[in-house]
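Asker: Quick one: the structure is below, questions incoming.
The values are calculated or read from the model by the stated rules, or taken from the named source; none is laboratory data. Only a predicted model underlies this, so the values are computations on that prediction, with no experimental measurement involved. FYI the Cβ positions are ideal-geometry reconstructions off the backbone, even for glycines, and counts take in every protein chain you see.
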Amino acid sequence: MRTSRIKWHIIVFLAPAVLVYTAIMIVPLFNTLRLSLFTEVDQERVFVGLENFRTLFGDPRWSESFWNALGNNFWFFFIHMLVQNPIGILLAALLSNPRLRFSALYRTAIFVPTILSFVIVGFAWKLILSPIWGIAPEMLDAVGLGFLYQPWLGLEETSLTTLALISVWQFVGIPMMLIYAALLSIPDEILEAGECDGITGMSAFWKIKLPLILPSIGIISILTFVGNFNAFDLIYAAQGALAGPNYATDILGTFMYRTFFGFQLQLGDPHMGSAIASAMFVIILIGVCLYLFGIQTRMRRYQF
Amino acid sequence: MNKARRNPFNLFAAHGILIVYTVIALFPVFVILINSFKERRSIFREPLALPDGESFSTVGYETVFNQGDFFLYFQNSLIVTVASLFFVLLFGAMAAFALAEYKFKGNTLMGLYLALGIMIPIRIGTVAILEMMVSTGLVNTLWALILVYTAQGLPLAVFILSEFMRQVSDDLKNAGRIDGLSEYTIFFRLVLPLVRPAMATVAVFNMIPIWNDLWFPLILAPAEETKTLTLGSQVFIGQFVTDWNAVLSALSMAILPVMVLYVIFSRQLIRGITSGAVK
């Protein structure tokens, strides 16, 4: 009698969250994976096994777009890892100096781009880099580097890197904050012990602080990975669903959107869209597993 | 002592780098804002000059107010964000309480199940979500967005809140039980007020991604009467792409609400991140 009553309120507490989460997130996720095994013939859903994936990876019309999007996505991620995270660490290291004044002000200001929507960020940079408005060429002229200016967003060779750097500009606040928090949690005694041994300044950062914040860098890397591999909004806002010029900025998110939702003359195909979503799911899953089993378990965590 | 001698120079360099980066971070916002108050010719002639008596103009804002239904978009965004946050916090806190408070079979498993969604983005399931919303008739309603954002926010909310609920003292809850309070009263009257700071952190974390999302409004609710501010400004700018006054004003108007929220909540947000709640 008593045990059954206790069970009831646990169920009441858990039910809303579990129901919404299961119905809107988990079931559609598996449904999408399932849908990728079907196709539509004469307005009827037919099971075709792995045929969609064979088309996606094998049919030149599809596979070219897919590998292009995947390659672009890896480049997008690579730029983030190479630029965003080192800048984030540098800013955090500077901010964590206890003698630095106005540090709260800097932190707040540098975090501003992160709160802006992709639409604002995409268009703002599009305007600034636009050859029509001329802010970018004029500023380069002012420092004598005018000859360097090119319509970066409009050129196939540079547009993807430019967008990646815009995204870095937007999100650098997140690694900065997380590393900042990690640096603040390092106890003074450890740094003082290092000082007694003559380790100060830069070498204190490289030899003491950096090893201690490695777990945070790991978390940031996996967050960046997951974020980049389902990115869509910035490319869509700046370059549209066709991810121009000539698909040079196409990543998996925009490719999936065009495929399943249709765009201009292309009809939407939910089954191929599901196949791309499944591929994204597998890629993200591999990344998360590599992190959880390959990196996180091997990383030494220090208890203070 | 070596350190003390080198410090002034280091601090000077640190300020230099931080100021440069702050300028880089704020410059685009600044350029958009000042030019939105200028007339067309001065936008092009002197893009970096502040608006003065001669160049001041609000013609862009007039176009925005006359052509776009920004008040409606703003209202939609507000409804979606507030309702989603309400459900994330309520359902998330209830589930977190169940996981933190009661020992039952499958507790750990349930915790892991709910935590799956922290790493797997909900966008992967978009095709099936759209199909479901179409078949239930929820497509082009704000409910579709509210449900999706609630599901999206719950995993992290449960994870963070259950960490905090474990810290609430057992004595307090047991005292309540001895006084004959029901488990529901204990949760709503005793525990919820104590985890309010954690709830605020969760709210701030969820608020910005929901407000700024473009993907789900575009797919689930693109109708004119359900457009959110983010989608509405995207469409508006797409249509008025050559009317620079209108584009700049629309951008400024989209920046304004988030900036206000950020100024109000920035302390909470930064404290939330730096308290290690996301580790």
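Asker: What helices (runs of 4 or more DSSP H), lying completely within segment A:183-248, carry at least 2 residues that are within 30 Å of B:GLN234 (Cα to Cα) and in contact with a helix residue (DSSP H, G or I) (Cβ under 9 Å, 6 or more places away or on another chain)?
Answerer: Output list reads A:210-229, A:233-239.
Asker: Would it be correct to say that B:LEU114 is buried (at least 17 other Cβ atoms within 10 Å of the Cβ), away from chain A (no Cβ under 12 Å) and in a helix (DSSP H, G or I)?
Answerer: no
Asker: Another question about this same structure. Out of B:THR226, B:THR230, which single residue is more than 30 Å from B:GLN167 (Cβ to Cβ), within 13 Å of the chain's Cα centre (by Cα) and crowded, with 16+ Cβ neighbours inside 10 Å?
Answerer: Result: B:THR230 is the single residue among B:THR226, B:THR230 that is more than 30 Å from B:GLN167 (Cβ to Cβ), within 13 Å of the chain's Cα centre (by Cα) and crowded, with 16+ Cβ neighbours inside 10 Å.
Asker: Which condition breaks for A:GLU40 when tested against (1) assigned by TED's automatic domain parsing to the domain that holds A:GLY173; (2) in contact with a Pro (Cβ under 9 Å, 6 or more places away or on another chain)?
Answerer: That leaves (1) as the condition not met.
Asker: Continuing with this model, one more query. Go through segment A:172-186 and report how many residues are of a type in the set (Ser, Thr, Tyr) and either more than 8 Å from chain B (Cβ to nearest Cβ) or surrounded by fewer than 24 Cβ atoms within 10 Å (Cβ to Cβ) (or both).
Answerer: First, pick out the residues of segment A:172-186 that are of a type in the set (Ser, Thr, Tyr): A:180, A:185.
Imposing the further condition that a residue be either more than 8 Å from chain B (Cβ to nearest Cβ) or surrounded by fewer than 24 Cβ atoms within 10 Å (Cβ to Cβ) (or both) reduces the set to A:185.
Within segment A:172-186, residues that are of a type in the set (Ser, Thr, Tyr) and either more than 8 Å from chain B (Cβ to nearest Cβ) or surrounded by fewer than 24 Cβ atoms within 10 Å (Cβ to Cβ) (or both) number 1.
Asker: Another question, then. For segment A:205-217, how many residues meet the condition of being buried (at least 18 other Cβ atoms within 10 Å of the Cβ) and at the interface with chain B (Cβ under 10 Å from one of its Cβ atoms)?
Answerer: 1
Asker: Within segment A:103-124, how many residues turn out to be within 7 Å of another protein chain (Cβ to nearest Cβ) and not hydrophobic (A, V, I, L, M, F, W, C)?
Answerer: 5
Asker: Let me ask something additional. In segment A:85-126, which residue that is aromatic (Phe, Trp, Tyr) and surrounded by fewer than 23 Cβ atoms within 10 Å (Cβ to Cβ) is nearest to B:ARG271 (Cα to Cα)?
Answerer: Taking segment A:85-126 as the starting set, the residues that turn out to be aromatic (Phe, Trp, Tyr) are A:102, A:106, A:111, A:118, A:123, A:125.
Now restrict to residues that are surrounded by fewer than 23 Cβ atoms within 10 Å (Cβ to Cβ): A:102, A:111.
Working: A:PHE102: 16, A:PHE111: 13 Å.
That would be A:PHE111.
Asker: Would you check if there is a residue in segment A:293-300 being of a type in the set (Phe, Trp, Tyr) and facing chain B (nearest Cβ under 10 Å)?
Answerer: Within segment A:293-300 (the criterion being of a type in the set (Phe, Trp, Tyr) and facing chain B (nearest Cβ under 10 Å)), the answer is no, since none of the residues qualifies.
Asker: Quick one: which residue in A:THR22, A:THR39 is under 24 Å from B:ALA93 (Cα atoms) and among the hydroxyl-bearing types (Ser, Thr, Tyr)?
Answerer: The match here is A:THR22.
Table: residues versus (1) surrounded by fewer than 19 Cβ atoms within 10 Å (Cβ to Cβ); (2) in contact with a Cys (Cβ under 7 Å, 6 or more places away or on another chain); (3) facing chain B (nearest Cβ under 8 Å).
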position	(1), (2), (3)
A:ALA15	yes, no, no
A:PRO28	no, no, yes
A:THR32	no, no, yes
A:LEU35	no, no, yes
A:ARG45	yes, no, no
A:ASN52	no, no, no
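Asker: Looking only at segment B:30-44, filter to residues that are in a helix (DSSP H, G or I) and aromatic (Phe, Trp, Tyr); which one of those is farthest from A:VAL121 (Cα to Cα)?
Answerer: Result: B:PHE44.
Asker: Do we find a residue being of a type outside the set (D, E, K, R), surrounded by 17 or more Cβ atoms within 10 Å (Cβ to Cβ), under 20 Å from the mean Cα position of the chain (by Cα) and closer than 25 Å to A:MET176 by Cα anywhere in segment A:273-286?
Answerer: yes
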